[in-house]
Amino acid sequence: MPDSRLSSRGLALAISAYGLWGFLPLYFLLLDPSTPVEIVAWRIVLSLVFCVLLLAVTRAFAPFVALLRDRRIMGLSLLAGILIAINWIVYVYGSTNGFVVEAALGYFINPIVSIALGVVFLRERLRVGQWVAVGISVLAVLVLAIGYGQPPWISLALAFSFGFYGYIKNRMGGQVSAVAGLTLETAWLVPVAIVALVAVQLTSGITLGTSGLGHAVLLSLAGIITAVPLLLFAGATRRLPLSVMGFIQYFAPLLQFIFGVAVLLEPMPLERWIGFALVWLALVVLSVEAVVQRRRATRERRALPLETGPVETV
């Protein structure tokens with residue numbers, strides 16, 4: 001019974017996290033006339049403020065300060081901050097300039113990119129199903145490149161920036177919590193964000209406080225809207241198997257895709273549908289392969305005591 005409650009809570013947390021991420025394009029569109037640069041700059045500054053408040057409320061400053069003395073963690077957090085900043089600016093640009101569908105594609109192909117990074121940097125060996133999924137994904141990108149008339153740069157930038165971000169976070173290890181990690185990353189970026197806000201003020205002018213109360217409230221929530229899904233995600237990963245999280249991760253780009261096609265009426269010619277269909281096929285192959293592999297590993301673990309038991313009793 002406790003396990004059932006734990007899984008139900010984890011499922012609710014995961015769906016909430018990816019649901020919030022799925023509706024981010026709508027949020028960014030509501031921030032008009034703010035530019036992507038201003039939105040990301042406020043997102044960085046306000047995320048740091050929110051994270052510091054969370055550290056204070058949860059009394060987690062002591063372990064956080066310990067991280068500041070770890071040169072390796074500090075270096076990796078700098079790299080993670082740069083990568084997530086690139087991801088944010090590209091995503092906000094895509095969301096506010098009619099490329100929501102292309103942005104969604106980036107997060108659909110992100111799992112494939114993560115697998116490729118594992119092969120290149122971690123020397124991981126792929127199973128047959130994973131090679132098939134990678135091959136189908138490469139074909140999908142080629143089809144989409146023909147359809148767009150050029151490679152889907154926004155999709156590729158999002159997939160690779162988030163893929164490398166995940167790789168760096170993996171190298172940081174479990175000692176860095178979601179809040180501590182985001183605090184470090186945004187702290188590195190705040191000086192750049194302040195310079196960006198000054199540049200915006202000197203050119204087009206900062207929109208916070210000048211575009212109505214509703215706009216000011218929405219923009220001031222950027223830190224909370226950035227940090228809350230990450231915290232929900234962290235809670236979900238502690239309660240759900242990776243295989244379940246692997247399926248739910250497609251919830252956000254699916255919502256973004258539906259929003260782009262059904263609400264924003266972004267064009268979807270035949271070749272684009274074919275490209276997306278190939279991506280979805282690759283994800284189905286990847287998911288089925290992961291489930292089969294997990295079940296095989298579970299059976300092997302259960303069978304192991306039966307095989308080694310007689311030896312241990314001698």
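The values are calculated or read from the model by the stated rules, or taken from the named source; none is laboratory data. It should be emphasised that the depicted structure is a prediction, and the values quoted were computed from it without experimental measurement. Every residue, glycine among them, receives a Cβ derived from its backbone with ideal geometry; neighbour counts consider all protein chains shown.
Taken over the range 28-50, the criterion of being more than 20 Å from Ile224 (Cβ to Cβ) and either of a type in the set (Val, Ile, Thr) or in a helix (DSSP H, G or I) (or both) is satisfied by Thr35, Val37.
From the list Gly214, Gly166, the lone residue that is in contact with a Leu (Cβ under 9 Å, 6 or more places away or on another chain), closer than 25 Å to Gly22 by Cβ, without any contact (Cβ under 8 Å) to a residue 12 or more places away in the chain and surrounded by fewer than 19 Cβ atoms within 10 Å (Cβ to Cβ) is Gly214.
Of the residues making up the range 115-144, just one is within 26 Å of Met268 (Cα to Cα), of a type in the set (Gly, Ala, Ser) and surrounded by fewer than 17 Cβ atoms within 10 Å (Cβ to Cβ), namely Gly135.
When the residues of the range 262-281 are filtered to those that are out of contact with any helix residue (DSSP H, G or I) (no Cβ under 6 Å at 6 or more places or on another chain) and part of a helix (DSSP H, G or I), the one that is surrounded by the most Cβ atoms within 10 Å (Cβ to Cβ) is Phe276.
Of everything in the range 160-182 that's under 11 Å from the mean Cα position of the chain (by Cα) and of a type outside the set (Phe, Trp, Tyr), which residue is nearest to Ser77 (Cα to Cα)? Result: Gly166. Annotation note: of Val65, Val92, Val52, the sole residue that is loosely packed, with under 15 Cβ neighbours inside 10 Å and either in contact with a Pro (Cβ under 7 Å, 6 or more places away or on another chain) or among the hydrophobic types (A, V, I, L, M, F, W, C) (or both) is Val65.
Please state which one of Ser155, Ser177 is polar (S, T, N, Q) and over 29 Å from Leu67 (Cα atoms).
Just a single option satisfies the conditions, and that option is Ser155.
Filter the range 172-207 for residues that are touching a Lys or Arg at 6+ places or on another chain (Cβ under 9 Å) and modelled with pLDDT under 95 and give the result. Passing the criteria: Met172, Val176, Gly181, Thr186. Within the range 291-302, not a single residue is surrounded by 18 or more Cβ atoms within 10 Å (Cβ to Cβ) and modelled with pLDDT under 90. Based on what the data block shows, is Ser16 more than 20 Å from the chain's Cα centre (by Cα), among the hydroxyl-bearing types (Ser, Thr, Tyr), surrounded by fewer than 19 Cβ atoms within 10 Å (Cβ to Cβ) and over 30 Å from Ile206 (Cβ atoms)? In short, no. For the range 186-204, the criterion of being part of a loop (DSSP other than H, G, I, E, B) and not hydroxyl-bearing (Ser, Thr, Tyr) is met by none of the residues.
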